[in-house]
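The structure appears below as structure tokens.
Just so it is clear, none of the values below were taken in a lab; they were calculated from the coordinates. Bear in mind the structure is a predicted one, so any value in this text is a computation, not a measurement. Every residue, glycine as well, gets a Cβ built from its backbone with ideal geometry; the counts of neighbours run over all protein chains shown.
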Amino acid sequence: MEKIKIEPKEFWDDKKWAEKNYPDLQEKYPDKWVAIVDKKVVAAGKSLKNIELEAEHKTGVPRDRIPVLFIEGEVNILFG
């Protein structure tokens, strides 16, 4: 039987905070990955792997328990 991984409440609280504050994050971190812990950005940059490692190192929280989102800059619309 395969175990189902359930994220802790803090993970979901941080993820919801990031979604709620997305416009502010978009202003500060366009086209970057951001890692959120305790409703704060703890690491941001262009490399997903580096952001995960930096966030884990700074906070001591395991990487798989830190929400990481890509923050899009300007919306690009392509016309065919």
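With a cut-off of 14 Å between beta carbons, the residues surrounding residue 55 carry a summed charge of +1, where Lys and Arg count +1 and Asp and Glu -1. Does anyone have the angle between helix 48-59 and the longest principal axis of the chain? Alpha-carbon axes, 0 to 90°, nearest 10? Between helix and principal axis, roughly 50 degrees. Computed per residue of the chain from DSSP H runs no shorter than four, each worth -39500 (n - 2.57), the mean residue ellipticity at 222 nm is -11500 deg cm²/dmol. Annotation note: GluC sites (Glu not before Pro) in the chain located in DSSP loop regions with a Cβ neighbour count of at most 10 within 10 Å are 2, 74. Taking only the alpha carbons of region 9-71, we obtain Rg and Dmax values of 10.4, 28 Å in that order.
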